[in-house]
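The values are calculated or read from the model by the stated rules, or taken from the named source; none is laboratory data. The structure presented is a predicted model; accordingly, all values stated were derived computationally and were not measured. Ideal geometry is used to build each Cβ from the backbone, glycine not excepted, and the neighbour counts take in all protein chains shown.
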Amino acid sequence: MKKLLIAAGLLAAASASAYAEDVTGKLVLYTSQPNADAQATVDAFTAAHPGVEVEWVRDGTTKIMAKLLAEFEAGAPKPDVLLIADMVTMESLKQEGRLMAHEAADVSAYDPAIMDKDKSYFSTKLITTGIMYNTNAPMKPTSYKDLLKPEAKDKLAMPSPLTSGAATIHMTALTSNPELGWAYYEGLAAQGANPQGGNGSVYKAIAGGEKLYGFVVDFLPIREKVKGAPVEFVFPEEGVSAVTEPVAILSTAQNPDAAKAFVDFLISEDGQKLAASQGYLPAHPGVPAPEGFPARDQIKLMDFDPAKALEQDQADKMKFSEIFGG
């Protein structure tokens with residue numbers, strides 16, 4: 001009930017807010033958001049822009065991109081706007097000339113590190129990856145290096161970068177850190193880590209006590225801890241990586257005005273409050289974090305260059321496979 005009241009309040013605020021331009025027509029959205037989040041996002045946007053009808057398609061980022069690639073090859077891409085998991089995928093589309101810049105977008109409140117300098121794509125939240133541990137574990141880690149201690153031997157769970165976009169970005173951030181590098185992943189392999197699957201399976205293994213420590217996206221343990229699960233999430237002293245769920249307008253958009261209004265809504269304070277009400281860490285530093293999260297200024301983001309990550313992607317995954325025998 002509390003979430004419904006918050007959502008209703010946000011809808012009312014959005015309706016009364018300063019999205020003054022009169023946009024109309026059909027807007028086609030492809031998104032990797034969970035269904036309930038996507039519906040809430042569309043509802044809030046159409047409350048602010050009642051003249052727009054949003055048609056949306058939801059699937060995982062990999063499947064959404066496969067669908068979109070097929071449409072590119074057929075010469076008939078359908079979406080006006082994309083809202084997907086990671087900046088590396090957006091960087092690839094940008095380099096292929098598939099995205100339309102939105103130069104009027106106001107990103108003045110945001111950390112420039114999470115926004116494309118050419119305003120081709122825009123981060124809408126911070127889904128960070130750090131350390132999760134079971135509260136029955138003998139050690140309370142504060143650093144990534146703690147997972148190399150004897151207490152963590154054969155007690156580690158990790159998602160695989162071969163299947164998880166968040167895990168890929170986490171691998172890139174950690175191996176780019178001069179104090180960690182590939183030697184750190186070699187150390188994890190020596191500890192008996194066997195990365196596989198996605199974040200959900202890692203959460204279950206640690207929450208269930210099958211494993212005690214690992215890497216996972218923040219909202220899974222933070223949400224479940226509030227409900228009584230025996231888990232903790234740590235923002236390590238070295239920092240966290242982040243999937244930023246960026247939004248972008250396709251260069252082939254049929255309704256660019258509505259697409260720009262959609263981007264403007266997501267990065268507005270109203271749009272960021274909606275993300276927080278859904279349990280995510282908002283990208284806007286002025287919007288309070290949801291219950292269980294530290295304040296935004298207490299969270300250190302590790303350096304991450306999407307263009308460099310895209311360039312190194314295949315080599316990094318091959319290196320990972322060599323280390324873990326994948």
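Within the stretch 133-154, identify whether any single residue is touching a Ser or Thr at 6+ places or on another chain (Cβ under 9 Å) and either under 30 Å from Lys273 (Cβ atoms) or modelled with pLDDT of 95 or more (or both), and answer yes or no. No, because not a single residue in the stretch 133-154 is touching a Ser or Thr at 6+ places or on another chain (Cβ under 9 Å) and either under 30 Å from Lys273 (Cβ atoms) or modelled with pLDDT of 95 or more (or both). Just one of the listed residues (Phe320, Phe293, Phe304) is part of a loop (DSSP other than H, G, I, E, B), among the aromatic types (Phe, Trp, Tyr) and over 27 Å from Ala36 (Cα atoms), and it is Phe304.
Rundown of residues vs (1) assigned to a loop (DSSP other than H, G, I, E, B); (2) without any contact (Cβ under 8 Å) to a residue 40 or more places away in the chain, yes/no style:
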position: Val107; (1), (2): yes, no
position: Tyr110; (1), (2): yes, no
position: Lys119; (1), (2): yes, yes
position: Tyr133; (1), (2): no, no
position: Ala137; (1), (2): yes, no
position: Pro141; (1), (2): yes, no
position: Asp154; (1), (2): yes, yes
position: Pro159; (1), (2): yes, no
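One residue stands out among those in the stretch 105-142 that are among the hydroxyl-bearing types (Ser, Thr, Tyr) and surrounded by 15 or more Cβ atoms within 10 Å (Cβ to Cβ): the one that is farthest from Val247 (Cα to Cα), which is Tyr133.
On the stretch given as the stretch 60-77, residues that are within 20 Å of Phe122 (Cα to Cα) and either outside any loop (DSSP other than H, G, I, E, B) or of a type in the set (D, E, K, R) (or both) total 5.
Just give me the residues in the stretch 270-289 being assigned to a loop (DSSP other than H, G, I, E, B), touching a residue at least 40 places away in the same chain (Cβ under 8 Å) and in contact with a Leu (Cβ under 8 Å, 6 or more places away or on another chain), in sequence order.
So in the stretch 270-289, the residues assigned to a loop (DSSP other than H, G, I, E, B) come out as 278-280, 283-289.
If we keep only those that are touching a residue at least 40 places away in the same chain (Cβ under 8 Å) as well, we get 278-280, 283-286.
Matches in the stretch 270-289: Tyr280, Ala283.
Annotation note: of Ala105, Ala66, Ala113, Ala101, the sole residue that is touching a strand residue (DSSP E or B) at 6+ places or on another chain (Cβ under 9 Å), at pLDDT below 95 and within 25 Å of Ala307 (Cβ to Cβ) is Ala113.
Within the stretch 47-59, is there a residue that is basic (Lys, Arg), assigned to a strand (DSSP E or B) and without any contact (Cβ under 8 Å) to a residue 40 or more places away in the chain? So far as the stretch 47-59 goes, yes, one or more of its residues are basic (Lys, Arg), assigned to a strand (DSSP E or B) and without any contact (Cβ under 8 Å) to a residue 40 or more places away in the chain.
Residues that are closer than 20 Å to Ala276 by Cβ, assigned by TED's automatic domain parsing to the domain that holds Ala276, surrounded by 19 or more Cβ atoms within 10 Å (Cβ to Cβ) and at pLDDT below 95: does the stretch 21-34 have at least one?
The answer is yes; a qualifying residue exists.
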